[in-house]
Amino acid sequence: MKLTKLLTYLKNEPSYKGQEDPDITSIEMDSREVKTGSLFVCIKGYTVDGHDYVRQAADKGAAAIVAERQVDADVPVIIVRQSKRALAVLSDAFYGQPTKRLRLVGITGTNGKTSTSHMAEEIFRKAGCKTGLIGTMYTKINDETFDVKNTTPESVTLQKTFKKMVDREVDTAIMEVSSHALHMGRVHGCDYDIAAFTNLTQDHLDYHQTMDEYKHAKSLLFSQLGGSFNHERPKWAVLNADDPASEYFAQVTSAHLLTYGISNRADIMADNIEMAPKGTTFDLVTPKGTERVTIPLVGLFNVYNVLTAAAIGFAADIPFSVIVEAIKGLKGVRGRFELVDAGQDFPVIVDYAHTPDSLENVLNTCRGLTEGKLFVVVGCGGDRDKTKRPKMAKIAAELADEPVFTADNPRSEDPLAILRDMEEGVKGAYYHSIVNREQAIFFAIANAKKGDVVLIAGKGHETYQQIGGETFDFDDAEVAKRAVLELK
């Protein structure tokens, strides 16, 4: 696409008055990715400012530069007020507005986004749809998976991915939408058809500062659904009737509302819930009928995830029978209440629980499976919300018999300092502190006996540990298996 043609999409911005009109072959925000013909957009981040890498971009063949201030370059430079907003507009235009050719589902909330997105994908696949998935674990196009850096990628990566989905005949894309991405405008240009909310509990207060600001960031997904009523392609807001934040989200959106819940009256509900060690059975109550279903997953949080996915299916007009069939065939998601079996005679569970609410939920679920002692190995991430550290430690000490505090991803912080923050919440309580995560897992498994349960919380599906600026291979499930085998 010609530069001047691409720039016509930047409404109310200074027009480009240069003589050159190069062909743009790609849009990049990382100078290392620039190649001949790229449009390099300078983004000012927390640690790196793209304006400082203009010369490297030009040397690698950049055809033009988009910046917020004048930079030294011998290629066309276009000055804009907000380069992040410009990046989203230009990416959407360059890749042909791909989300207008997809049924796009966005899922936001503190907990449950990954599990819900996989469950929703299974419903759409059972309905014969070709699906794409973007989330914490990976990006998936049909059956092919790709690694990701962020839960919700930057706008240029998003639009490029959506274009790949369209080219591969995907018709339905499901994505996790983080509060960071909403606040930073990464999803500007994404034409969502269905926006779903799981729950709102404390997380990311290092970034958002207050729960009200965090809630507002989440609300952007619903307020950006648009103000018009398109009866041929209706917009839907799927809300958790049992979460108080849903009332606020309902006020900020003009989309059609579809609610789900267990405690409060909702359009889609779970009733007569029965839990067993290997699964959960409940009545799925909907406007189109009631069906008793069994899922091979335990925990009330998984019932909520199923309800969210079912509501998304209803919003997409998937037949009730197909939704039920998909739910009955659901499987677990890696790192989400994942049972680790290496021949031991007690359950070992790996879960991504890394917030106070999610840790409390998963510990309460584990308690229902425990005949003897409940062990929990848990830590808190470095360079993140410090206020949740004593809260998570307190929950672990109150709900587990053998709480073991350890490192999570300390990043640039001293792991011992993080442990001290956790210990502030449990003064006088019984607990163990073992800073080395591998040693902590070995300790819990070495001391567990038949009838006990070991929960390893916080990292879930992650296969790495970030310590002091370095990234090391580390997989909780694999470490647990090794512990069982070596300790036999």
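Pairs please, first residue from segment 238-266 and free of Cβ contacts under 8 Å to residues at least 60 places away in the same chain, second anywhere and open to solvent by 70 Å² or more (accessible area, probe 1.4 Å) and part of a strand (DSSP E or B), Cβ atoms under 7 Å, 6+ apart in sequence or on different chains.
From segment 238-266, the pairs are L239/L257; A250/L257.
Filter segment 5-40 down to residues that are part of a helix (DSSP H, G or I) and in contact with a Ser or Thr (Cβ under 9 Å, 6 or more places away or on another chain) and give me whichever is most open to solvent (accessible area, probe 1.4 Å).
The qualifying residue most open to solvent (accessible area, probe 1.4 Å) is E33.
Could you tell me whether segment 202-210 includes any residue that is in contact with a Ser or Thr (Cβ under 6 Å, 6 or more places away or on another chain), at pLDDT 85 or above and either under 20 Å from N150 (Cβ atoms) or not in a loop (DSSP other than H, G, I, E, B) (or both)?
Checking segment 202-210: not a single residue is in contact with a Ser or Thr (Cβ under 6 Å, 6 or more places away or on another chain), at pLDDT 85 or above and either under 20 Å from N150 (Cβ atoms) or not in a loop (DSSP other than H, G, I, E, B) (or both).
With respect to A127, is the statement that it is open to solvent by less than 10 Å² (accessible area, probe 1.4 Å) and modelled with pLDDT of 95 or more true? So that I can check it myself, show each step before the final result.
On the way: open to solvent by less than 10 Å² (accessible area, probe 1.4 Å): no; modelled with pLDDT of 95 or more: yes.
When the stated conditions are applied, A127 does not pass them.
Give just the number: which of (1) of a type in the set (D, E, K, R); (2) surrounded by 13 or more Cβ atoms within 10 Å (Cβ to Cβ); (3) at pLDDT 95 or above does K218 not satisfy?
Here K218 meets the rest and fails (3).
Given the criteria free of Cβ contacts under 8 Å to residues at least 24 places away in the same chain, open to solvent by 10 Å² or more (accessible area, probe 1.4 Å), hydrophobic (A, V, I, L, M, F, W, C) and over 30 Å from L239 (Cβ atoms), does V48 qualify?
yes
Where residues in segment 267-286 are of a type outside the set (S, T, N, Q) and free of Cβ contacts under 8 Å to residues at least 24 places away in the same chain, which of them is most open to solvent (accessible area, probe 1.4 Å)?
If we take residues in segment 267-286 being of a type outside the set (S, T, N, Q) and free of Cβ contacts under 8 Å to residues at least 24 places away in the same chain, then K278 is most open to solvent (accessible area, probe 1.4 Å).
Taking only segment 435-448 into account, find how many residues are surrounded by 21 or more Cβ atoms within 10 Å (Cβ to Cβ) and either out of contact with any Asp or Glu (no Cβ under 9 Å at 6 or more places or on another chain) or farther than 22 Å from P415 by Cα (or both).
Number satisfying all stated conditions: 3.
Look through segment 130-139, keep the residues that are open to solvent by 10 Å² or more (accessible area, probe 1.4 Å) and touching a Lys or Arg at 6+ places or on another chain (Cβ under 8 Å), and return whichever of them is nearest to R103 (Cα to Cα).
Residue satisfying both the conditions and the ranking: K130.
Determine which single condition F375 fails, assuming it passes every other condition in (1) farther than 30 Å from A309 by Cβ; (2) in contact with a strand residue (DSSP E or B) (Cβ under 9 Å, 6 or more places away or on another chain); (3) free of Cβ contacts under 8 Å to residues at least 24 places away in the same chain.
(3)
Are any of the residues in segment 49-63 modelled with pLDDT of 95 or more and among the β-branched types (V, I, T)?
There is at least one residue in segment 49-63 that is modelled with pLDDT of 95 or more and among the β-branched types (V, I, T).
Given the conditions (1) at pLDDT below 90; (2) surrounded by 23 or more Cβ atoms within 10 Å (Cβ to Cβ), which single one is not true for H180?
(2)
State whether one or more residues within segment 346-359 are over 23 Å from D408 (Cα atoms), open to solvent by 10 Å² or more (accessible area, probe 1.4 Å) and either assigned by the TED database to the domain that holds D476 or touching a residue at least 60 places away in the same chain (Cβ under 8 Å) (or both).
Filtering segment 346-359 down to residues over 23 Å from D408 (Cα atoms) leaves 346.
Narrowing further to those that are open to solvent by 10 Å² or more (accessible area, probe 1.4 Å): 346.
Applying the additional criterion that residues be either assigned by the TED database to the domain that holds D476 or touching a residue at least 60 places away in the same chain (Cβ under 8 Å) (or both) yields 346.
Among the residues of segment 346-359, at least one is over 23 Å from D408 (Cα atoms), open to solvent by 10 Å² or more (accessible area, probe 1.4 Å) and either assigned by the TED database to the domain that holds D476 or touching a residue at least 60 places away in the same chain (Cβ under 8 Å) (or both), which makes the answer yes.
So which strands (runs of 3 or more DSSP E) stay within segment 449-488 end to end and still have 3 or more residues that are surrounded by fewer than 21 Cβ atoms within 10 Å (Cβ to Cβ)? Show your work before the answer.
Numbers: elements: 453-457, 464-467, 470-473.
Filter on segment 449-488 gives 464-467, 470-473.
Per-residue answers, yes or no, for (1) out of contact with any Ser or Thr (no Cβ under 9 Å at 6 or more places or on another chain); (2) closer than 16 Å to V105 by Cα; (3) of a type in the set (S, T, N, Q); (4) buried (at least 20 other Cβ atoms within 10 Å of the Cβ):
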{"site": "H231", "(1), (2), (3), (4)": "yes, no, no, no"}
{"site": "K235", "(1), (2), (3), (4)": "no, yes, no, yes"}
{"site": "E247", "(1), (2), (3), (4)": "yes, no, no, no"}
{"site": "A250", "(1), (2), (3), (4)": "no, no, no, no"}
{"site": "H256", "(1), (2), (3), (4)": "yes, yes, no, no"}
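Against the condition out of contact with any helix residue (DSSP H, G or I) (no Cβ under 8 Å at 6 or more places or on another chain) and either part of a loop (DSSP other than H, G, I, E, B) or open to solvent by 60 Å² or more (accessible area, probe 1.4 Å) (or both), how does R81 come out, does it pass? Before the answer, list the steps.
Numbers: out of contact with any helix residue (DSSP H, G or I) (no Cβ under 8 Å at 6 or more places or on another chain): yes; either part of a loop (DSSP other than H, G, I, E, B) or open to solvent by 60 Å² or more (accessible area, probe 1.4 Å) (or both): yes.
Considered against the rule, which asks whether it is out of contact with any helix residue (DSSP H, G or I) (no Cβ under 8 Å at 6 or more places or on another chain) and either part of a loop (DSSP other than H, G, I, E, B) or open to solvent by 60 Å² or more (accessible area, probe 1.4 Å) (or both), R81 comes out as yes.
Which one of G313, G299 is at pLDDT 95 or above, crowded, with 20+ Cβ neighbours inside 10 Å, assigned by the TED database to the domain that holds T114 and of a type in the set (G, A, S)?
G313
Testing E325 on (1) under 20 Å from I456 (Cβ atoms); (2) open to solvent by 20 Å² or more (accessible area, probe 1.4 Å); (3) outside any loop (DSSP other than H, G, I, E, B); (4) at pLDDT 95 or above, one condition comes back false. Which one is that?
(1)
From (1) in a helix (DSSP H, G or I); (2) open to solvent by 10 Å² or more (accessible area, probe 1.4 Å); (3) within 25 Å of C42 (Cα to Cα), pick out the condition that doesn't hold for K149.
(1)
May I ask you to say which residue of E413, E424 is part of a loop (DSSP other than H, G, I, E, B) and surrounded by fewer than 24 Cβ atoms within 10 Å (Cβ to Cβ)?
Only one candidate passes the filter, namely E413.
With (1) within 18 Å of N199 (Cα to Cα); (2) part of a loop (DSSP other than H, G, I, E, B) as the list, and S358 as the residue in question, which single condition is left unmet?
(2) is the only condition that S358 fails.
The values are calculated or read from the model by the stated rules, or taken from the named source; none is laboratory data. Model, not experiment: these values are computed from the prediction. Virtual Cβ from ideal backbone geometry, glycine too; neighbours counted across all protein chains shown. Note: accessible area is taken over every heavy atom of the protein model, side chains too, but ligands, DNA and RNA are not part of it. Shrake-Rupley method; radii C 1.70, N 1.55, O 1.52, S 1.80 Å.
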